[in-house]
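Enquirer: Input: one structure, supplied below.
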Amino acid sequence: MTTLSLIAGNTGRGRGGEERGFEFGSSHSYFGNEFFASDSLRSLFRSLNGVWLRDLECFRVRSRHKFRVVAKVRKGKKHDYPWPDDIDPNSSSGPLTYLSYFKPLTEKPKPVTLAFEKPLVDLEQKIIEVSRMAHETGLDFSDQIDALESKYQQALKDLYTHLTPIQRLNIARHPNRPTVLDHILNITEKWVELHGDRAGYDDPAIVTGIGSIDGKSYMFIGHQKGRNTKENIMRNFAMPTPHGYRKALRMMKYADHHGFPIVTFVDTPGAFADLKSEELGQGEAIAHNLRTMFGLKVPIITVVTGEGGSGGALAIGCANKMYMLENSAFYVASPEACAAILWKSSQAAPKAAEKLRITAQEHYRLRIADGIIPEPLGGAHADPVWTSQQIKLAITQSMEELAKMDADELLRHRMLKFRSIGVGGFLEGIQVDPERKRNMKPSDVNAPKTVDIESELENLRNKILEAKGPSDPITNETIEKLKEDVDQEMTKAIISMGLQDKIESLKLELARIPNLSPNQPLNRALKEKADKIMQEFKQNLSRPGAYLGLKQKLEKLNMVSRLIEMKERSEKLKAEINQKVPADIKAKMELLKEAQETLSNGDALDENLEEEVKRTKKELEEVLKSANLEIVGVTKRKVGTAPPDLEENMVKVNNEIGKEIERAINAAGLVGKIEELKEEIAKGSSSEVVKKLEAEIKEEIAAAMDVSALKEKVEKLASSAKAVMEGEVVTDNGRW
């Protein structure tokens, strides 16, 4: 305590009207120089010199006198550093708590129940009620309590062994889940937290420091979440700024210089994406970390303790070994963001979580994670110390393996780990085809080619037309498979268009209508909703280049439906004609067939047979007219011999082709080569030599020939032959 002696002079007025006041001056005070060593105190007292002190106005004195004021002044701190004045230099264990903002919580965190844990809460409530009843009544309810507890443990086990991806993500985000500093303090004997990026800022979202495990020093780096709202705000919800990543980079280089193994803990929703962080180079800081980590010559181990979001997690996750807690998650985009992009609603997050494969089990299967660290039933927050010890065990076992490698082996091991990610991974030493083109659209990749579709349609058409009846098993099986393919493509298209939820809600509304029959008309609201969904589906389907597989299969199905309809009508028409044609007419039709065969063989018909054929044709026309069938024309069937003019044209074209080939041989000077080919054939040379000579001669002839004119003549001849040789009876809407 410092004693202050103040001399105050009475300068105020007494009852006689004299002025009265208190004046502080240097001539009336007894202060040592040490007191005024502070410039702030000297300026304070200088400003008080000659100021009226109204608080002392109540004192009235009649004569001038002196009085002394004694006050206590606290000594100021010598420095603002966090460590105390009396540091124990012989401290052998424990974290240096005065170097960290992380202090034990004064209050126990409130229990938080996740949505899927509601059945467990009900069982807990029953156990509490029975225990309270036993306490109040004094009765023995131990059997009932044991039964309820065993039921609770079984329900807990069943629930946590069959978790969905979105449920595991909710556990990873649990407010009471142990943070990175909780794990570090549980597994280290000594721990010193280090701060700052040496560029003007210390990002609290990333913690760094040196700690020892089993007497060996490690550099620890991790994302730090808060344990309550206040801490989360201070830690920015574990979303680092560029300063945090540069702090982590500084510590990595420090560890690389001193030979400390690096252990990183990942638990972040992602890097902080505000405007200021982008201005300060958020992307550059992450990219710099990625590049640097692949060049560090010390072992690196990464443990994903909660959620790992995108590049913000990967910026400290390029390690030799990566481990994930059983209920942790690692993703390129959060399921909520993915659902909002693909399905236009964050409510589809469970579906997105399954498609993204964010769980530790999926990452281990895809060789991204090297191991899964188990958690207690109920999650890591159920027993944080046990979880931390499992993390410690994984770190020590990995270090036993990595410590045997030198710097070059560590670098290669880290590189090969990322090269082998995925099922199959990248195979070293196998050359990749540089000409291979990869199309990223799965619909276009899986879509069949136009040639394949046309051949499939032609085969299916022939099957339908050649089928002996409308219920041919092979045809029906093909059509059913086609319908299944169309249903699958339709389901995929509806999901990608975001119409699945609308259709499900429409189905629920239809199910609520009592006694709904297929022919019953819908009410106006439901009909408008169904029409709106159908219009949106057609609009999306009509976009160029979209849903090609579905469009092609729908076209195929429509064609099949038309062919089946024509086949059924043809069969029905044949049955009607057979019923109305008398037996004697059927016998005469056999006579027509015989006459047709005679003509096809080139023989002439005698006069009696010719007359009989004419009468049979007239009778057949009368029968068809009686069946309400109108004859629109008769075409000739295919005959065995071609007409004389067609044969003459074929010979003419063949001669022209021969002349053109002879001209090409002379123009290309291939006579000698042809003679050589004849000699090789006469010698009995190997087939490879003969084939090679034949191929060369054919190529040179084809290059020297003028095939455009010949091709046009051949195509014209083929179309003429097709028109002459074909013949069939045409039906159209009941007309023959």
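The values are calculated or read from the model by the stated rules, or taken from the named source; none is laboratory data. Small disclaimer: the values here were computed from a predicted structure and weren't measured. Don't worry about glycine lacking a Cβ; one is built from the backbone with ideal geometry, like all the others, and counts go over all protein chains shown.
Enquirer: Could you say which residue among D182, D140 is out of contact with any Gly (no Cβ under 9 Å at 6 or more places or on another chain) and over 18 Å from T268 (Cβ atoms)?
Expert: Going through D182, D140 in turn, the sole match is D140.
Enquirer: In the list K247, K225, K190, which residue meets the criterion of being basic (K, R) and more than 34 Å from the chain's Cα centre (by Cα)?
Expert: K190
Enquirer: Under 7 Å between Cβ atoms, at least 6 apart or on separate chains: pull out the pairs that start in the stretch 386-400 with a residue that is surrounded by 20 or more Cβ atoms within 10 Å (Cβ to Cβ) and end on any residue that is among the polar types (S, T, N, Q).
Expert: Here the result reads S388/N186, each pair linking the stretch 386-400 to a residue that is among the polar types (S, T, N, Q).
Enquirer: Looking at H223, H195, H243, H258 in this structure, which one is free of Cβ contacts under 8 Å to residues at least 24 places away in the same chain and in contact with a strand residue (DSSP E or B) (Cβ under 9 Å, 6 or more places away or on another chain)?
Expert: Going through H223, H195, H243, H258 in turn, the sole match is H258.
Enquirer: Go through the stretch 486-500 and report how many residues are surrounded by fewer than 15 Cβ atoms within 10 Å (Cβ to Cβ) and of a type in the set (D, E).
Expert: 1
Table: residues versus (1) among the charged types (D, E, K, R); (2) modelled with pLDDT under 95; (3) closer than 20 Å to M405 by Cα.
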position: G281; (1), (2), (3): no, yes, no
position: H288; (1), (2), (3): no, no, no
position: T292; (1), (2), (3): no, no, yes
position: L296; (1), (2), (3): no, no, yes
position: P299; (1), (2), (3): no, no, yes
position: V303; (1), (2), (3): no, no, no
position: G309; (1), (2), (3): no, yes, no
position: G312; (1), (2), (3): no, yes, no
position: Y323; (1), (2), (3): no, no, yes
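Enquirer: In addition: Out of the stretch 197-229, which residues are in a loop (DSSP other than H, G, I, E, B), touching a Ser or Thr at 6+ places or on another chain (Cβ under 9 Å) and farther than 22 Å from N90 by Cβ? Give the steps one after another, and end with the answer.
Expert: The first filter runs over the stretch 197-229 and keeps only residues in a loop (DSSP other than H, G, I, E, B), leaving 197-205, 214-215, 224-228.
Retained after the next criterion (residues that are touching a Ser or Thr at 6+ places or on another chain (Cβ under 9 Å)): 201, 203, 205, 214, 224-227.
Listed by number, the residues that qualify are Y201, D203, A205, Q224, K225, G226, R227.
Enquirer: Pick from N540, N515: which is over 23 Å from I494 (Cα atoms) and in the same structural domain as A493 (by TED's automatic domain parsing)?
Expert: One residue alone meets the criteria, N515.
Enquirer: Do we find that I301 is assigned to a helix (DSSP H, G or I) and either closer than 30 Å to I495 by Cβ or assigned by TED's automatic domain parsing to the domain that holds Y364 (or both) in this structure? Explain how you work it out, then say what you get.
Expert: Values: assigned to a helix (DSSP H, G or I): no; either closer than 30 Å to I495 by Cβ or assigned by TED's automatic domain parsing to the domain that holds Y364 (or both): yes.
So I301 fails the test.
Enquirer: To continue, here is another question. Any residue in the stretch 281-296 that's hydroxyl-bearing (S, T, Y): show its pairings with residues that are in a helix (DSSP H, G or I) at Cβ separation under 8 Å, as long as the two are six or more apart or on different chains.
Expert: T292/L249; T292/M252; T292/K253
Enquirer: Restricted to the stretch 285-320, and to residues that are surrounded by fewer than 23 Cβ atoms within 10 Å (Cβ to Cβ) and of a type in the set (D, E, K, R), which residue is nearest to I187 (Cα to Cα)?
Expert: Residue satisfying both the conditions and the ranking: K297.
Enquirer: Given E336, E375, which one is farther than 27 Å from N186 by Cβ, surrounded by 15 or more Cβ atoms within 10 Å (Cβ to Cβ), out of contact with any Lys or Arg (no Cβ under 8 Å at 6 or more places or on another chain) and assigned by TED's automatic domain parsing to the domain that holds V266? Give the steps one after another, and end with the answer.
Expert: Working: E375 fails: farther than 27 Å from N186 by Cβ.
Being farther than 27 Å from N186 by Cβ, surrounded by 15 or more Cβ atoms within 10 Å (Cβ to Cβ), out of contact with any Lys or Arg (no Cβ under 8 Å at 6 or more places or on another chain) and assigned by TED's automatic domain parsing to the domain that holds V266 holds for just one of E336, E375, which is E336.
Enquirer: Taking the options S570, S561, name whichever one is more than 30 Å from R512 (Cβ to Cβ), within 39 Å of the chain's Cα centre (by Cα) and surrounded by fewer than 14 Cβ atoms within 10 Å (Cβ to Cβ).
Expert: Details: S570 fails: within 39 Å of the chain's Cα centre (by Cα).
Answer to the check: S561.
Rundown of residues vs (1) at pLDDT below 75; (2) among the charged types (D, E, K, R); (3) more than 60 Å from the chain's Cα centre (by Cα), yes/no style:
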{"site": "Q579", "(1), (2), (3)": "yes, no, yes"}
{"site": "L629", "(1), (2), (3)": "yes, no, yes"}
{"site": "R637", "(1), (2), (3)": "yes, yes, yes"}
{"site": "P643", "(1), (2), (3)": "yes, no, yes"}
{"site": "K652", "(1), (2), (3)": "no, yes, yes"}
{"site": "K659", "(1), (2), (3)": "no, yes, yes"}
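Enquirer: Pull up the stretch 661-685, narrow it to residues that are assigned to a loop (DSSP other than H, G, I, E, B) and at pLDDT 75 or above, then point me to the one that is surrounded by the most Cβ atoms within 10 Å (Cβ to Cβ).
Expert: Here is the first cut: in the stretch 661-685, the ones assigned to a loop (DSSP other than H, G, I, E, B) are 669-670, 684-685.
Restricting the remaining residues to those that are at pLDDT 75 or above gives 669-670.
Numbers: G669: 10, L670: 18.
The selected residue is L670.
Enquirer: Might you let me know whether the stretch 261-277 holds any residue that is of a type in the set (G, A, S), surrounded by fewer than 19 Cβ atoms within 10 Å (Cβ to Cβ) and over 14 Å from Q224 (Cα atoms)? If you could, list the steps in order and put the result at the bottom.
Expert: Filtering the stretch 261-277 for residues of a type in the set (G, A, S) gives 270-271, 273, 277.
Remaining after also requiring surrounded by fewer than 19 Cβ atoms within 10 Å (Cβ to Cβ): 273.
If we keep only those that are over 14 Å from Q224 (Cα atoms) too, we end up with 273.
For the stretch 261-277, residues of a type in the set (G, A, S), surrounded by fewer than 19 Cβ atoms within 10 Å (Cβ to Cβ) and over 14 Å from Q224 (Cα atoms): present.
Enquirer: Every residue in the stretch 258-276 that is part of a loop (DSSP other than H, G, I, E, B) and out of contact with any Asp or Glu (no Cβ under 7 Å at 6 or more places or on another chain), please. So that I can check it myself, show each step before the final result.
Expert: Filtering the stretch 258-276 down to residues part of a loop (DSSP other than H, G, I, E, B) leaves 259-261, 269-274.
The answer is G259, F260, P261, G270, A271, F272, A273, D274.
Enquirer: Which one of the conditions (1) β-branched (V, I, T); (2) crowded, with 21+ Cβ neighbours inside 10 Å; (3) without any contact (Cβ under 8 Å) to a residue 24 or more places away in the chain does T229 fail to meet, given that it meets all the rest?
Expert: Of everything listed in (1) β-branched (V, I, T); (2) crowded, with 21+ Cβ neighbours inside 10 Å; (3) without any contact (Cβ under 8 Å) to a residue 24 or more places away in the chain, T229 misses just condition (2).
Enquirer: Restricting the search to the stretch 272-285, which residues are under 18 Å from F237 (Cβ atoms) and hydrophobic (A, V, I, L, M, F, W, C)?
Expert: F272, A273, L275, listed by residue number.
Enquirer: Just checking: which of the helices (runs of 4 or more DSSP H) contained wholly in the stretch 334-435 hold 2 or more residues that are touching a helix residue (DSSP H, G or I) at 6+ places or on another chain (Cβ under 6 Å) and modelled with pLDDT of 90 or more?
Expert: Output list reads 335-342, 349-356, 384-402.
Enquirer: Kindly provide the set of residues from the stretch 130-151 that are charged (D, E, K, R) and either loosely packed, with under 12 Cβ neighbours inside 10 Å or in contact with a helix residue (DSSP H, G or I) (Cβ under 6 Å, 6 or more places away or on another chain) (or both), ordered by number.
Expert: R132, E136, D140, D143, D146
Enquirer: Test E688 against the stated conditions and say whether it is over 26 Å from M650 (Cα atoms) and either loosely packed, with under 10 Cβ neighbours inside 10 Å or in contact (Cβ under 8 Å) with a residue 60 or more places away in the chain (or both).
Expert: yes
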